[in-house]
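Coordinate-derived values only; no laboratory data. Note that the structure is a prediction, hence the values are computed from the model and not measured. All Cβ positions, glycine included, derive from the backbone under ideal geometry; neighbour counts span all protein chains shown.
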Amino acid sequence: MEEMGLSIVCSITNVKSSNFVPRHMSNDAKREGEAMAQKNPLGRNSQRERPLLLLHGFTGRGDNWNHHTEYFTRAGYTVLTPDLPGHGANLLANPHDYTIKAAAAQIAGLLDSEKTGPVHLLGYSMGGRLALYFALHYPEKVDSLILESASPGLATPEERAVRKASDDALAERIEREGIPAFVAFWEGLPLWKSQERLPAATRQWLHEKRLCNDPMGLAHSLRQMGTGVQPSLWERLEELKMPVLLLAGEEDKKFVALAQEMAARVPQARLKILAEAGHTLHLEQPDTFQKAVLEFTTPSSPPISLLHRYPL
C-alpha cells in the first residue's frame, strides 16, 4: 500500500531478511508473542484499536522491523512500518519533499488512509527525531510515544550550522563515491562499536540492507532532514501530553545523557537504560526491547513469565 510516497512493504530481491535472527531472539520469544495475543484483554477483533507505527533510522527501511513486526502482530497489534523519505521505495522527485515537515505530513496522510485512529508511535534514531516532531505537530494522532536513541535536535544555531556543514559534506561524498564506499565509512563509526558483538549473520544482514540504499535518496535525506536543518524541539518538550518512553543503551553515553535530559522535561516520561547495548537497542537486545514496548503500550500487561527473561 502506498500513500503520499510512503510504502508499507518494500521487498528486496538480494536480501533474505527471513533468515535474520537478531541477537538473543529466541524461539521462546515467538511463542511468547502468541501467548500475548491469546491473553490480549481487548480481544483479537480489537487489533485495529491497537495500531503500532515503527519508524526506522538513517540507512534503514521499513522492513528492517520485520521480525519485531511478527512479534507485535502476534501480541495483538496492527503494525505499520513505512519507508521514510530517501529510503527503500520512498524516493521522491522533489528534494523539498524530504524535509521533516514533509515527512510528518506523509505519516499523517498514511494514518488517515489506514483509518488507524491514534497510534502508539515508536521511532529509532532519525525515526525518533521524526516521531518526536510528529507527536508535537499532530498530537491528536499519537496515543503514546516511544523514542529509541533519539534526540530533540541541536539547541543552538551555531551547533546546527556546524552539523549542517558536516551533513552536506557527507551527502556530497555519497553522491561522489557511491553507496559501497559510504557504507564502509558508515560502519566504521564509533557509534556502531557495540554492534561488533552481534552474530556474523546479523551483521551481514545489516550490511546488505545498507547497501540497498539509493545514493540520491540518502543525500536528500541528509540535506533536508538531517540534524543540522531540523528545528530544535528542546523548548517544546513540555508540550507533550501523551505518555513517553525514552530508551537508550548504557554504552551509548551521548544518547543516555540526551534521554536523561529529555526525561527531566517531558511531563509523562519514563526512562529505561538497557544494559549491554549501544545505539541500536532493537538489534542488540531485541527481547528486552520488545518487553519494554509491550509493558509500556499494553493496557493490562501479562505475567512477566510470558515475556522475556532479560532484565531492564
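Side notes on the structure shown:
- For the range 141-196, the candidate set comprises residues that are in a loop (DSSP other than H, G, I, E, B) and of a type in the set (A, V, I, L, M); within that set, the residue that is nearest to Pro51 (Cα to Cα) is Ala150.
- For the range 202-238, residues that are free of Cβ contacts under 8 Å to residues at least 60 places away in the same chain and within 13 Å of Gly60 (Cβ to Cβ) total 2.
- Only residues that are more than 13 Å from the chain's Cα centre (by Cα) and either part of a loop (DSSP other than H, G, I, E, B) or aliphatic (A, V, I, L, M) (or both) were counted in the range 276-300, giving 9.
- Count of the range 90-127 residues which are of a type in the set (Gly, Ala, Ser), crowded, with 19+ Cβ neighbours inside 10 Å and part of a loop (DSSP other than H, G, I, E, B): 1
- Qualifying residue in the range 196-204 (condition: crowded, with 20+ Cβ neighbours inside 10 Å and out of contact with any Gly (no Cβ under 7 Å at 6 or more places or on another chain)): no
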